[in-house]
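Presented below is the structure to which this report refers.
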Amino acid sequence: MKRFVIIACALMLASSAFAAPFQPTLLKLEAAPNVQYSFDGSLLEIPVTVTGSPAGLIFSVYTKDMAESIPYTVNGYLDWHEVNGVDTCIYYSSVKTVQVGTTSVTWDGKDQDGNAVEQGEYTYYIWAFDNQGSKELVLKWKYPTNNNAFIDADESGVPLAEPIFYNATNRWTLGGDPEDDTLRQTTVVTAIPPEGWKMRADSFPDPADHDFMFTHVTNKEAVMAMIMKWKFVAGGDAEVDEEWGEEGGRSETFSMPEDGEPGVVSDGEYLYFCNAPYHDVTQAAADFFIMDMDGYMVDRVDITQWWSDLAGADAGAQMNGGPNDIFIKNGKVFLNCHCSCLVQMVDPARYLDSSETEDLMVWCNDNGDYVLDHNFEATAEKKWVCNDYNVGPYVYTVNADQELFSILNGYDVGVVTFGLLGPDGTGMGYQLVANETAGWKRGELLLDNDTPFDGMYLDNMQAGGSHVDDDWDESADPNTYFLGHDVIRGVISTGVGVADAAPAGFVVEQNAPNPFNPTTTINFSIAEAGDVSIDVFNVAGQKVDSLASGFMSAGSHSVVWDASNFSAGIYFYTVKSGSLSKTIKMTLIK
């Protein structure tokens with residue numbers, strides 16, 4: 001009898017272990033949102049509280065609210081860095097490894113070249129990831145790559161308590177038992193036309209209804225492509241949205257050369273996709289497509305000036321470098337290819353306002369900063385040639401967080417995990433997760449939307465060695481893992497910004513209602529009469545609206561923001577009165 005009880009208890013324990021939900025411990029940072037500094041060469045020390053897990057911290061300083069005054073600029077060794085209308089990096093630190101608790105980051109007021117920075121107002125960022133802990137299993141299915149992404153908010157923009165990891169034919173709600181594959185929802189796509197058409201790469205949920213998906217399909221023999229829309233039907237066949245597009249769930253068709261791989265993304269206003277003819281050795285070709293939400297082409301932008309390289313082709317490499325991966329965050333579209341050193345962030349909305357091709361480009365990171373570079377070695381046969389898919393690092397996926405820091409897996413460049421680029425494309429070095437090897441790296445995703453599952457989602461393909469030697473079924477680990485990640489920002493200035501240091505008469509309240517749609521009220525009080533400004537910023541730190549600017553009397557005031565013309569998401573408002581300021585986050589839902 002006793003033996004039976006012991007066996008029964010063991011079975012219960014095994015069952016309990018099998019049913020363990022995925023509930024990650026989040027890495028979180030806290031620091032003062034406003035910091036005073038004299039810019040006299042002294043050492044600025046910013047206290048930082050780290051909770052959840054140990055971390056590697058990277059501190060950086062950027063210009064603030066200068067984006068509109070920064071023209072198209074090409075700089076750096078070999079002209080590796082192109083920027084256009086974006087606040088730019090002045091300084092970034094190396095990684096500082098810290099434990100849970102209180103630590104600090106420091107800055108001596110100098111730029112990356114060691115020159116003193118002028119007095120003024122600057123944005124600082126602290127970017128962090130768990131560089132000491134072990135990866136935690138999320139699900140035993142499909143490592144993160146350019147075929148997968150997260151649905152992290154509902155159709156009105158409110159963050160989901162349980163985000164959904166998805167691709168065109170699979171969905172997994174975070175929080176379930178990683179070992180229980182019955183929790184994975186699947187659908188079968190049988191709706192693609194049979195005449196040589198094939199689904200390609202990324203799919204994207206309809207921002208207006210997440211039950212529906214957009215997918216890029218191509219016909220290589222006909223050299224044609226189109227977008228299709230269908231409904232994800234769990235446990236059944238996907239259903240074509242017969243009411244969408246030109247012909248029963250299909251957009252108008254358009255010419256698309258071989259390697260039309262990147263897939264499609266959307267900001268809810270338009271659909272975006274590219275061609276990627278990196279095997280074409282005869283003709284420079286790279287295009288960025290903009291299609292309306294009804295499936296009709298709006299524009300086809302020639303981006304060969306960035307993605308095609310005649311000199312490289314003459315040197316024996318490839319004419320074209322993609323892009324063959326696409327990702328969207330906060331309206332900005334990121335482009336890259338495993339076959340090229342180039343990483344690019346573009347702004348379709350800005351281009352549509354001006355119709356100038358250069359206005360599409362926000363930044364490019366090219367060969368010259370030793371981050372994701374090709375043929376940089378002294379022994380390289382094609383010295384500094386970028387478009388070369390015969391050399392590493394092979395970068396399959398680009399992903400970005402709310403502050404537009406982007407990470408790209410790095411394989412065949414030594415023992416590294418990913419390269420880190422700042423919000424302006426500044427290369428901030430290769431970063432390394434604990435216990436990593438030089439084996440295959442296939443992808444990564446960042447979940448960063450105030451959900452209970454925010455963090456970094458990585459593959460573990462390194463377990464299978466190189467992509468050449470790897471036996472996919474036997475030795476690789478094609479699963480998805482979690483590590484902590486967070487990023488915060490604040491302001492460094494000569495004025496007092498910390499609320500506790502301000503006179504009692506300077507008070508800025510949380511907007512109400514919050515979340516809101518489409519209007520909200522901001523109440524504040526100022527101690528002395530004077531000039532007051534109230535500005536609204538998006539998550540990239542760009543000013544998107546000005547609510548007030550002028551003289552106000554001492555006392556209480558209120559302003560109303562009507563966000564009818566703005567997309568759902570997270571915004572920040574800053575109230576300035578003389579040398580005092582305070583910034584508060586708010587959420588617009590629709």
Residue list for the range 164-196, filter: in contact with a strand residue (DSSP E or B) (Cβ under 6 Å, 6 or more places away or on another chain) and either small (Gly, Ala, Ser) or farther than 30 Å from Ala225 by Cβ (or both): Ala168, Thr173, Leu174, Gly175, Pro178, Ala191, Gly196
Residues in the range 405-415: is at least one under 17 Å from the mean Cα position of the chain (by Cα) and at pLDDT below 95? yes
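Per-residue answers, yes or no, for (1) within 18 Å of the chain's Cα centre (by Cα); (2) surrounded by 22 or more Cβ atoms within 10 Å (Cβ to Cβ); (3) free of Cβ contacts under 8 Å to residues at least 24 places away in the same chain:
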| residue | (1), (2), (3) |
| --- | --- |
| Phe129 | yes, yes, no |
| Ser134 | no, no, no |
| Leu139 | no, yes, no |
| Asn148 | yes, yes, no |
| Glu162 | no, no, no |
| Asn167 | yes, no, no |
In the range 282-315, what residues are open to solvent by less than 70 Å² (accessible area, probe 1.4 Å), touching a residue at least 24 places away in the same chain (Cβ under 8 Å), not small (Gly, Ala, Ser) and not in a helix (DSSP H, G or I)? Phe288, Phe289, Ile290, Met291, Met293, Met297, Val298, Asp299, Val301, Ile303, Asp309
Before we move on, is Gly85 in a loop (DSSP other than H, G, I, E, B) and open to solvent by less than 20 Å² (accessible area, probe 1.4 Å)? yes
What's the number of the condition Trp244 fails, among (1) crowded, with 19+ Cβ neighbours inside 10 Å; (2) under 21 Å from Lys142 (Cα atoms)? (2)
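Rundown of residues vs (1) without any contact (Cβ under 8 Å) to a residue 60 or more places away in the chain; (2) within 21 Å of Phe273 (Cβ to Cβ); (3) out of contact with any helix residue (DSSP H, G or I) (no Cβ under 6 Å at 6 or more places or on another chain); (4) not acidic (Asp, Glu), yes/no style:
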| residue | (1), (2), (3), (4) |
| --- | --- |
| Leu174 | no, no, yes, yes |
| Thr186 | yes, no, yes, yes |
| Pro193 | yes, yes, yes, yes |
| Glu242 | yes, no, yes, no |
Within the range 251-260, track down each residue that is surrounded by fewer than 23 Cβ atoms within 10 Å (Cβ to Cβ) and touching a strand residue (DSSP E or B) at 6+ places or on another chain (Cβ under 8 Å). Glu252, Thr253, Phe254, Ser255
Take residues that are at pLDDT 95 or above and tell me which of the strands (runs of 3 or more DSSP E) falling wholly in the range 7-67 contain 3 or more. 44-51, 55-63
Condition (residue is without any contact (Cβ under 8 Å) to a residue 40 or more places away in the chain and within 24 Å of Asn330 (Cβ to Cβ)) applied to the range 514-530: is it met by at least one residue? no
Of Gly550, Gly555, which residue is surrounded by fewer than 16 Cβ atoms within 10 Å (Cβ to Cβ), more than 30 Å from Val86 (Cα to Cα) and without any contact (Cβ under 8 Å) to a residue 40 or more places away in the chain? Gly555
Please find, among Asp280, Asp325, Asp299, Asp309, the residue that is at pLDDT 95 or above and of a type in the set (D, E, K, R). Asp299
For the structure I just gave you, tell me whether Asp180 is touching a residue at least 24 places away in the same chain (Cβ under 8 Å), open to solvent by 20 Å² or more (accessible area, probe 1.4 Å) and of a type outside the set (Phe, Trp, Tyr). yes
Qualifying residues in the range 523-540 (those that are under 28 Å from Val86 (Cα atoms) and in a strand (DSSP E or B)) - the one most open to solvent (accessible area, probe 1.4 Å): Asp531
Within the range 232-248, residues being part of a loop (DSSP other than H, G, I, E, B) and modelled with pLDDT of 90 or more number 9
Considering only the range 119-170, state which residues are modelled with pLDDT under 90, within 17 Å of Leu483 (Cβ to Cβ) and in contact with a Ser or Thr (Cβ under 7 Å, 6 or more places away or on another chain). Tyr143, Pro144, Thr145
Going through the range 361-380 one residue at a time, which ones are touching a residue at least 40 places away in the same chain (Cβ under 8 Å), out of contact with any helix residue (DSSP H, G or I) (no Cβ under 6 Å at 6 or more places or on another chain) and surrounded by fewer than 20 Cβ atoms within 10 Å (Cβ to Cβ)? Tyr370
From the option list Ile58, Ile70, single residue qualifying as of a type outside the set (D, E, K, R), over 22 Å from the mean Cα position of the chain (by Cα) and either buried (at least 19 other Cβ atoms within 10 Å of the Cβ) or closer than 17 Å to Gly120 by Cα (or both) is Ile70
Are there any pairs with C-beta distances below 7 angstrom linking a residue in the range 346-357 that is among the charged types (D, E, K, R) and buried (at least 17 other Cβ atoms within 10 Å of the Cβ) to a residue that is outside any helix (DSSP H, G or I) and modelled with pLDDT of 95 or more, with the two at least 6 apart or on different chains, and if so which? Asp347/Lys332; Asp347/Val362
Per-region count, the range 206-231, residues open to solvent by 10 Å² or more (accessible area, probe 1.4 Å), closer than 17 Å to Glu242 by Cα and either in a strand (DSSP E or B) or in contact with a strand residue (DSSP E or B) (Cβ under 7 Å, 6 or more places away or on another chain) (or both): 7
Pick from the range 183-199 the residues that are farther than 17 Å from Lys142 by Cβ and open to solvent by less than 40 Å² (accessible area, probe 1.4 Å): which of them is modelled with the highest pLDDT? Ile192
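The values are calculated or read from the model by the stated rules, or taken from the named source; none is laboratory data. Bear in mind the structure is a predicted one, so any value in this text is a computation, not a measurement. Glycine gets a Cβ as well: all are built from the backbone with ideal geometry, and neighbour counts include every protein chain shown. Please note that ligands, DNA and RNA were not included when accessible areas were found on the heavy atoms of the full protein model with its side chains. Shrake-Rupley method; radii C 1.70, N 1.55, O 1.52, S 1.80 Å.
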